Amino acid sequence: MKPNLNKILKKEKAMYLSYDQGIEHGPADFNDKNINPKYIIEIAKKGKFTGIVFQKGIAEKYSKEIRKSKIPLIIKLNGKTNLYQGEPISEPICTVKEAIKLRASAVGFTIYIGSKYESHMLRHFAKIEKEAHGIGLPVIVWVYPRGKSIKGKKDSELMAYACRVGLEIGADIVKIHWNGNLKDLQWAVKSAGKTKVVIAGGLKTDEKTLLKNAKDIMNSGAIGLAIGRNVWQNSKPLEITKKIRKIIWSNNKK
């Protein structure tokens, strides 16, 4: 069945509010406001995000608030902490069936290419992709080059490789980290073919840099951003969201 992307895109563009960092980074990213998922849901609603990314637990515990917000839910199906420092591996902690029960509009899965365990994660993804697409549910894959094997390889090559992996394994959307070079990103987007590309918002940065990056991202052919800390760590999250949204849904070609 053809996956229905209409629920998580607006005019073929995307602006996702990411809040799956709690398991990945621990509580270090949070303050008294943004540690509360209700605060994040309110930002997503008022900011008119095309999707909100949660892990299973928050999706379950705050299902009422999520449904009320009418923001499309994207559930991450796997995750890991940052405590273990060996070769990265992210195991499933939620199933497609559970995501459906939680009324998810799409599911996400992380694969660390270059890791000793990449084949393990690829096998899990294959099963998830088959099950999700069997019922028309879109699949977003986070592809991050990690592990000892990538040492010495260029960021530009790894970005393009990440995008190509997304295409080759059947993802509808691939989410990658960007090295900051527009030409490199343009080539990476081309490498993804018909798989759509969204860029991770990354570490908190200053507003000028953030908005310039957003313009470059949209000029690359990517469909948008999956942004978290640069919004919900901001003292005025709705103001910065408005500026980002304007860039995403404008014609930024020079």
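Points worth noting:
- Filter pass, Ser69 being out of contact with any Leu (no Cβ under 9 Å at 6 or more places or on another chain), within 19 Å of Val141 (Cβ to Cβ) and of a type in the set (S, T, N, Q): no
- Residue selection: Trp232 satisfies the criterion of being under 30 Å from Phe30 (Cα atoms) and hydrophobic (A, V, I, L, M, F, W, C).
- Among the residues making up segment 141-180, those that are of a type in the set (D, E, K, R) and over 13 Å from the mean Cα position of the chain (by Cα) are Arg146, Lys148, Lys151, Lys153, Lys154, Asp155, Glu157, Arg164, Glu168.
- Condition met for Ile41 (among the β-branched types (Val, Ile, Thr) and closer than 24 Å to Ile89 by Cα): no
- Cross-chain or 6+ apart pairs with Cβ under 6 Å, segment 169-196 first and outside any strand (DSSP E or B), then charged (D, E, K, R): Gly170/Glu129; Asn179/Asp155; Leu182/Asp216; Ser191/Arg164
- Scanning segment 17-24 finds no residues that are farther than 27 Å from Val165 by Cα, under 16 Å from the mean Cα position of the chain (by Cα) and free of Cβ contacts under 8 Å to residues at least 60 places away in the same chain.
- The set of residues in segment 12-41 that are farther than 27 Å from Ile223 by Cβ and among the basic types (Lys, Arg) comprises Lys33, Lys38.
- Residues (part of a loop (DSSP other than H, G, I, E, B) and either exposed (fewer than 15 other Cβ atoms within 10 Å of the Cβ) or modelled with pLDDT under 95 (or both)) located in segment 146-165: Lys151, Gly152, Lys153, Lys154
- Residues of segment 25-42 satisfying the condition of being over 17 Å from the mean Cα position of the chain (by Cα) and crowded, with 19+ Cβ neighbours inside 10 Å: Asn34, Pro37
- Every residue from segment 122-165 that is among the charged types (D, E, K, R) and over 30 Å from Glu98 (Cα atoms): Lys148, Lys151, Lys153, Lys154, Asp155, Glu157
- Segment 199-254 holds helices (runs of 4 or more DSSP H) entirely within its bounds, and those carrying 2 or more residues that are of a type in the set (D, E, K, R) map to 207-219, 237-248.
The values are calculated or read from the model by the stated rules, or taken from the named source; none is laboratory data. All figures in this text were calculated on a predicted structure; none of them were measured in a lab. As a convention, Cβ positions derive from the backbone with ideal geometry for all residues, glycine included, and neighbour counts pool all protein chains shown.
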